[in-house]
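Undergrad: Quick one: structure below, then a few questions.
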Amino acid sequence: MKRTVAMLALLAAALGSMPRALATPPPIAIVINGEALPLNPPPRFEKNLLFVPVRRTIEALGLSFDRSGDHITTQIGAKTVELTVGSRVTLIDGQPLQLDAPMLEIDSVLYAPLRFFTDVLGAQATFDRRTHTVTIVAQLVGRSGGGFEAAGGGYERFGTVDAVDVLSDPPSLTLGYNGGIKIIRIAPNASIDMEDVNANVTTPGELGDVRPGDFARVEMRKDGRVERVVDEYGSRHGQIVAIAGGQFVLEDGQVIAPDGITEVSLNGKAASLQDLRPGDEVTVRYNVETNEVREVLASRAIAGASAQTAGGVQIASVDDDANHPLRPGDTVHVTLRGTPHASGTFDIGSDVTNQAMQEGQAGLYSGSYTIPRGANFEDIALIGHLTVGTTTVDATATQTISASSIPPGISDFAPDANATVNTRRPAVYASFSADAVPVNPASALMWVNGRDVTADCVRTPQFIQYLPSYDYPDGPVRVTVRVADQAGNTTSKSWSFTIRTH
């Protein structure tokens with residue numbers, strides 16, 4: 001309990017400096033597993049705490065909702081969860097768990113604090129203050145069994161990736177679920193999709209892009225042949241603003257709680273949570289089923305290049321030409337100056353290691369690395385190494401490297417697809433969710449009924465909004481939005497709604 005109170009105080013302090021809205025904010029949207037729910041009713045703030053409608057959220061997650069008077073029961077796998085209106089205590093298989101606030105009933109709608117969905121349902125639940133959107137990701141809460149279920153004319157296996165073997169013939173994927181392990185042989189023509197659930201973006205990949213610790217779904221025919229593998233993971237990016245109690249808070253208010261299985265690196269070297277500090281830039285990767293944080297890649301700005309010397313071996317400088325975010329196919333060139341006639345290599349973070357460098361002029365080493373498909377990292381340090389005999393010297397380049405294979409997602413939009421509105425000047429907007437590389441707001445474009453209205457839009461890294469200055473006639477309206485990140489990865493979305501004023 002003390003840890004919870006301390007963390008809430010820490011989060012409150014981190015969010016206390018955020019600017020207050022001067023106008024009445026729009027209704028809070030709710031997106032569950034990538035699908036927007038109708039805003040009826042929306043989440044709401046009560047005494048500065050965010051509450052979310054319980055019944056429609058639980059049912060959207062594929063769970064049962066049974067109510068008798070003030071008593072509510074739902075089933076999560078083998079666990080029974082019991083709630084009581086007006087009580088802060090929920091029972092999980094009879095064991096009490098304290099919530100942030102009592103369950104509320106307002107206008108016959110039951111509300112629970114947002115943390116109910118993380119602490120009780122095991123979902124990833126977040127609130128984005130910039131887009132007024134609650135996002136809940138819970139890939140398995142509505143499923144049962146041992147990681148196996150019928151799907152269409154075949155079946156699907158799912159679970160946490162324990163291992164990926166791309167060298168065997170055929171290659172294989174090992175999944176773990178509820179303590180069970182299953183090795184699945186992957187057919188040569190099976191499609192591999194990489195899905196970042198936070199960005200709501202799916203991109204084609206290769207089996208080697210699937211990471212241990214991710215959640216994967218394997219679609220199979222009745223004869224057991226694999227047709228498709230979907231690797232699902234969550235990612236968070238940002239700057240640390242506070243650290244306490246084995247957790248840290250990002251600038252957008254996200255609380256990250258690493259544990260014993262989390263791999264932490266700082267400027268490309270293995271580290272621990274204790275090595276991190278406010279101001280560090282981090283990329284976090286987590287399992288969408290268990291919410292376990294699997295990886296924290298941290299980078300820290302370096303004031304300036306300095307010579308590194310040990311045992312007579314010296315690195316005078318390490319430089320790269322990555323002066324903008326990169327995407328697959330781009331090549332970064334690295335130069336290192338130091339002791340002549342040594343062996344030079346460089347690393348980019350902890351995943352790209354021991355890249356060979358060649359010595360041209362005496363003491364001048366050069367190398368390069370081409371960004372592969374599936375690369376996804378932000379502000380990662382580039383580290384040069386120079387070795388003579390048994391002595392190795394390391395030095396870090398002053399310029400970090402960012403790369404992304406995943407275009408930004410268009411996470412929310414309005415009016416909803418196929419909606420009917422009763423105004424001739426409807427507000428049209430789309431919100432963006434970037435992955436490792438931020439959105440380039442200048443890239444955001446909007447067409448309404450085939451006309452480019454971008455010049456009349458408000459554009460930010462988070463959204464594009466169009467407020468018409470003239471009336472549209474009754475009838476269908478088609479909208480297309482296109483946006484790119486700073487690496488040049490582009491995505492677009494089209495939808496239609498109808499104006500009917502009489």
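The values are calculated or read from the model by the stated rules, or taken from the named source; none is laboratory data. Predicted model only: the values in this text are computed from it and were never measured. Please note: Cβ atoms are built from the backbone with ideal geometry, for glycine as well, and neighbour counts cover all protein chains shown.
Undergrad: More than 30 Å from T283 (Cα to Cα), outside the structural domain of T203 (by TED's automatic domain parsing) and in contact with a strand residue (DSSP E or B) (Cβ under 9 Å, 6 or more places away or on another chain): is that true of T454 in this structure?
TA: Yes, satisfied.
Undergrad: Evaluate the following for V109: is it in contact with a strand residue (DSSP E or B) (Cβ under 6 Å, 6 or more places away or on another chain), surrounded by 14 or more Cβ atoms within 10 Å (Cβ to Cβ) and under 28 Å from P415 (Cβ atoms)?
TA: yes
Undergrad: Next question. Out of D379, D416, D394, which single residue is touching a strand residue (DSSP E or B) at 6+ places or on another chain (Cβ under 6 Å) and either part of a loop (DSSP other than H, G, I, E, B) or under 25 Å from R459 (Cα atoms) (or both)?
TA: After ruling out the rest, the residue left standing is D379.
Undergrad: While we're here: For the condition farther than 19 Å from D128 by Cβ and under 28 Å from the mean Cα position of the chain (by Cα), what is the one hit in V428, V448, V439, V453?
TA: V428
Undergrad: Is one or more of the residues making up the range 479-500 among the acidic types (D, E) and not assigned by TED's automatic domain parsing to the domain that holds H341?
TA: Yes: the range 479-500 contains one or more residues that are among the acidic types (D, E) and not assigned by TED's automatic domain parsing to the domain that holds H341.
Undergrad: Could you please give the count of residues in the range 419-455 that are part of a loop (DSSP other than H, G, I, E, B) and either closer than 30 Å to F377 by Cβ or among the small types (G, A, S) (or both)?
TA: Matching residues across the range 419-455 total 10.
Undergrad: Can you name the residue in the range 416-451 that is over 24 Å from R236 (Cα atoms) and out of contact with any Ser or Thr (no Cβ under 9 Å at 6 or more places or on another chain) and, of all such residues, is surrounded by the fewest Cβ atoms within 10 Å (Cβ to Cβ)?
TA: R451
Undergrad: Going residue by residue through the range 306-316, is there one that turns out to be modelled with pLDDT under 90, in contact with a Leu (Cβ under 7 Å, 6 or more places away or on another chain), in the same structural domain as G384 (by TED's automatic domain parsing) and surrounded by 16 or more Cβ atoms within 10 Å (Cβ to Cβ)?
TA: yes
Undergrad: When you go through I243, I186 one by one, which is the residue that is in contact with a helix residue (DSSP H, G or I) (Cβ under 8 Å, 6 or more places away or on another chain), surrounded by 14 or more Cβ atoms within 10 Å (Cβ to Cβ), at negative phi and without any contact (Cβ under 8 Å) to a residue 40 or more places away in the chain?
TA: I243
Undergrad: Let me ask you something else. Could you say which residue among A444, A436 is under 30 Å from L297 (Cβ atoms) and modelled with pLDDT of 90 or more?
TA: Only one candidate passes the filter, namely A444.
Undergrad: Does G205 fit the bill of being within 26 Å of R300 (Cβ to Cβ) and small (G, A, S)?
TA: No.
Undergrad: Among (1) closer than 22 Å to F127 by Cα; (2) surrounded by 14 or more Cβ atoms within 10 Å (Cβ to Cβ), there is one condition Q75 misses while meeting the rest; what is its number?
TA: (1)
Undergrad: Of G238, G253, G224, which residue is of a type outside the set (D, E, K, R), in contact (Cβ under 8 Å) with a residue 40 or more places away in the chain and either surrounded by fewer than 17 Cβ atoms within 10 Å (Cβ to Cβ) or not in a strand (DSSP E or B) (or both)?
TA: Exactly one residue qualifies, and that residue is G253.
Undergrad: Just checking, does the range 45-66 include any residue being of a type in the set (D, E), in a strand (DSSP E or B) and modelled with pLDDT under 75?
TA: Scanning the range 45-66, I find no residue that is of a type in the set (D, E), in a strand (DSSP E or B) and modelled with pLDDT under 75, so the answer is no.
Undergrad: Please go through the range 456-483 and give me each residue that is within 30 Å of N376 (Cβ to Cβ), surrounded by fewer than 20 Cβ atoms within 10 Å (Cβ to Cβ) and in contact (Cβ under 8 Å) with a residue 24 or more places away in the chain, ordered by number.
TA: Correct list: P461, Q462, Q465, T480, R482.
Undergrad: Could you check how many residues of the range 336-356 are farther than 27 Å from V264 by Cα and surrounded by 14 or more Cβ atoms within 10 Å (Cβ to Cβ)?
TA: Selection size over the range 336-356: 5.
Undergrad: Another question, if that's okay. For G409, indicate whether it is modelled with pLDDT under 90 and touching a helix residue (DSSP H, G or I) at 6+ places or on another chain (Cβ under 7 Å).
TA: No, not satisfied.
Undergrad: To continue, here is another question. Could you list, in sequence order, the residues of the range 85-111 that are over 21 Å from T290 (Cα atoms) and assigned to a strand (DSSP E or B)?
TA: V85, V89, M103, L104, E105, I106, V109, L110, Y111
Undergrad: Continuing with this model, one more query. Take the residues of the range 189-221 that are in contact with a Pro (Cβ under 8 Å, 6 or more places away or on another chain) and either at positive phi or assigned to a strand (DSSP E or B) (or both): which is modelled with the lowest pLDDT?
TA: V201
Undergrad: Hey, another quick one. Among the residues of the range 264-274, is there at least one that is touching a Gly at 6+ places or on another chain (Cβ under 6 Å) and in contact (Cβ under 8 Å) with a residue 24 or more places away in the chain?
TA: yes
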